[in-house]
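This report refers to the structure that appears directly beneath it.
No lab work stands behind these numbers, since they all come straight from the coordinates. Worth saying up front: this structure is predicted, and the values here are computed from it rather than measured. Here the Cβ is made from the backbone with ideal geometry for all residues, glycine too, and neighbour counts use every protein chain on show.
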Ligand code: G
Ligand code: G
Ligand code: MN
Ligand code: NA
């Protein structure tokens, strides 16, 4: 396929960039982290949405070299921020089941000088659909390095709570669909957010609400007890330069 051919060339052609979206503390409303989000400006196809090229990269396993590049670049950028700011990086199942995953993380940290505790890897429930053993072991390896692991898009996959018992996630990210649902008055969405927050608290995990777009939604989320907020209300995904400006000490 034409798109696959272009994707294969994207890194060497320097067509990939990372954007960074703020994650704020729900109460202080100060930035505590940025999530790195990959963007592809293709010379052949123009801007290609990640919703389109990430699945293609996963099918073709091109996500392995691309994901390594993301890890390296995001760690280099995060090392420039004040040391209380973390970086969240999305990792696909195909990357986790590579035997080289933990060593790749070690190299990205060493090359950038970023402390392991400032890196939070985001995985979705889909990692437990196949090779759950291998994926779990890889996550335990990076946790042993001092990295954190977040469970992304929580509640949208085939949730099995079994792995919450086995793996010490630092954060559960409540999917945007529940936030939007609750904002539109869905009692079911509200009840689910409450239950996830309560469960996370008893498991000593924190919660991040995704897709918060208005001050009303932020207030609702705060009253529900979510610890962190991410969404257009506090900032869209932005360039590395703009992200840096938001957190660099003012002179
Ligand atoms: O924010 P956005 O529309 O860009 O993200 C679309 C999807 O692509 C999300 O599910 C997000 O997790 C995924 N995504 C964005 N960047 C990366 C990345 O660097 N690696 C992986 N594996 N997925 C990513
Ligand atoms: O799957 P993951 O949570 O990693 O992907 C994050 C996705 O959510 C990205 O595509 C990002 O651009 C998008 N996103 C972030 N904040 C908002 C928001 O407030 N509203 C909407 N609609 N999308 C958002
Ligand atoms: Mn994510
Ligand atoms: Na998500």
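Decide, for segment 77-131, between rounded, prolate and oblate: order the square roots of the alpha carbon gyration tensor eigenvalues as a ≥ b ≥ c, take rounded if a/c falls under 1.5, and otherwise choose prolate if a/b is larger than b/c, else oblate. It is oblate, given that a/c is not under 1.5 and a/b is not larger than b/c.
Mean sequence separation of contacting Cα pairs (under 8 Å, at least six apart), scaled by the length of the chain, corresponds to a relative contact order of 20 percent. To the nearest ten degrees, helix 215-224 and the longest principal axis of the Cα atoms of the chain are 70 degrees apart. Looking only at 119, 96, 164, which one moves most when the chain is put into a Gaussian network model with springs between Cα atoms under 10 Å? Largest GNM mean-square fluctuation: 164. The DSSP beta bridges internal to the chain are antiparallel in roughly 40% of cases.
Ranking of 16, 199 by neighbouring Cβ atoms within 10 Å, starting from the fewest: 199, 16. Segment 2-247 gives an Rg/Rh value of 0.95, both radii derived from C-alpha positions and Rh following Kirkwood.
Overall shape: oblate for segment 1-142, with the ratio a/c of the largest to smallest alpha carbon gyration tensor axis at 1.5 or above and b/c at least equal to a/b. Roughly how tilted is helix 50-59, in degrees to the nearest 10 and between 0 and 90, from the longest Cα axis of the chain? Helix 50-59 and the main axis of the chain meet at about 60 degrees. Across 37, 151, 161, mean-square fluctuation computed from a Gaussian network of the chain (C-alpha pairs under 10 Å connected) peaks at 161. In plain terms, the bigger the Kirkwood radius, the slower the diffusion; for segment 126-170, with that radius from Cα pairs, at 10 °C and 1.306 mPa s, Stokes-Einstein puts D at 144 µm²/s.
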